[in-house]
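The values are calculated or read from the model by the stated rules, or taken from the named source; none is laboratory data. In this text the structure is predicted, and so the values were computed from the model without any measurement. Cβ: placed from backbone, ideal geometry, glycine included. Neighbour counts: every protein chain shown.
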Amino acid sequence: MHVGGQNVYYNPFTPPPSNMSRVYEWTTGSVYYSTLLVSELFGKSENSRIVDITHTSSIAVNTQTNYNEDGTSYDTTSSDDMYHPSYLVYDGDTPARIALFNYISDNTGASDAQVTLNFNNTAAPASVSVRYFRASQVEEQYNITWAGQTMGTSFTSDGTLKGDRQTDTITCDNGVCVIPVYAPSVALVFLTDDALTSSTPSEEAAPFATTIVGTGDMTVDPRVLETSNGQNGGKGSTSKGSAASNDARGRTELGLGGMFVGMVLGAVALLA
């Protein structure tokens, strides 16, 4: 994660464009929403493992505790897997959750995907639970929902999710569960009740009380400032497109200081 200035598209959140941080004028970006998705994908077990299962159009899932990658059967890959990556997360050796992506921007429904999960043993569930990461198009940066909740569009956020959390139930038929993956969206499938419980916050986070109203009063040691992000006090900038990064020195100083690493499943650049 990396936070830059007001004009940086990859900010997880951006304060209001003034010297006073008004409560409902923050902007929450797509990168922040993706962290909510990833945190629920891995759950709280601290013993999770992730496997790329993109090259399959139908996924066979075995819920026995001795399940591993060698016991998974895959169908022939389709030609458009680049738009539909998928990942399986284990808690220990037990399959717990599956993330299914649809990278196609199409609100007509014609590009919605259907993914079939086959439970090939006697422990097949009667249903699975699904939460969706959604937006109107892949390029959307702000008007996004996770499990039906949102932090609002530009300059409308106070840092809390609004709306009721939505978890869909998909009924399975003889161990076969068909999951709709809308275009565009990410579907997070919980294979067991325990997996859903492990990923669901136990309670809503309590907000902190405001400590300072107004601009406050803060000082910075100039010796610290001149050797910090500005690269020895020059005109360097870590934000692409800023005034400082457009001159020759800015381009030179951008270097490694301007690089950032975004870790979200390797593919959760969705909507970012």
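Candidates are the residues of the range 80-115 that are over 21 Å from the mean Cα position of the chain (by Cα) and outside any strand (DSSP E or B); the one that is surrounded by the most Cβ atoms within 10 Å (Cβ to Cβ) is SER111. Exactly one residue out of ASP164, ASP173 is in contact with a strand residue (DSSP E or B) (Cβ under 9 Å, 6 or more places away or on another chain), over 26 Å from TYR10 (Cβ atoms) and of a type in the set (Asp, Glu): that is ASP164. Listed by position, the strands (runs of 3 or more DSSP E) inside the range 147-249 whose residues that are modelled with pLDDT under 70 and of a type in the set (Asp, Glu) number at least 1 form an empty set. Within the range 25-48, identify whether any single residue is assigned to a loop (DSSP other than H, G, I, E, B), under 28 Å from ALA183 (Cβ atoms), at pLDDT 85 or above and in contact with an Asp or Glu (Cβ under 7 Å, 6 or more places away or on another chain), and answer yes or no. Yes, there is a match, as at least one residue in the range 25-48 is assigned to a loop (DSSP other than H, G, I, E, B), under 28 Å from ALA183 (Cβ atoms), at pLDDT 85 or above and in contact with an Asp or Glu (Cβ under 7 Å, 6 or more places away or on another chain). Note on the range 99-108: residues that are closer than 16 Å to LEU37 by Cα and touching a Phe, Trp or Tyr at 6+ places or on another chain (Cβ under 7 Å) amount to 3.
Taking the numbered list (1) crowded, with 20+ Cβ neighbours inside 10 Å; (2) at pLDDT 90 or above; (3) of a type outside the set (S, T, N, Q) in turn, GLU139 passes all entries but (1).
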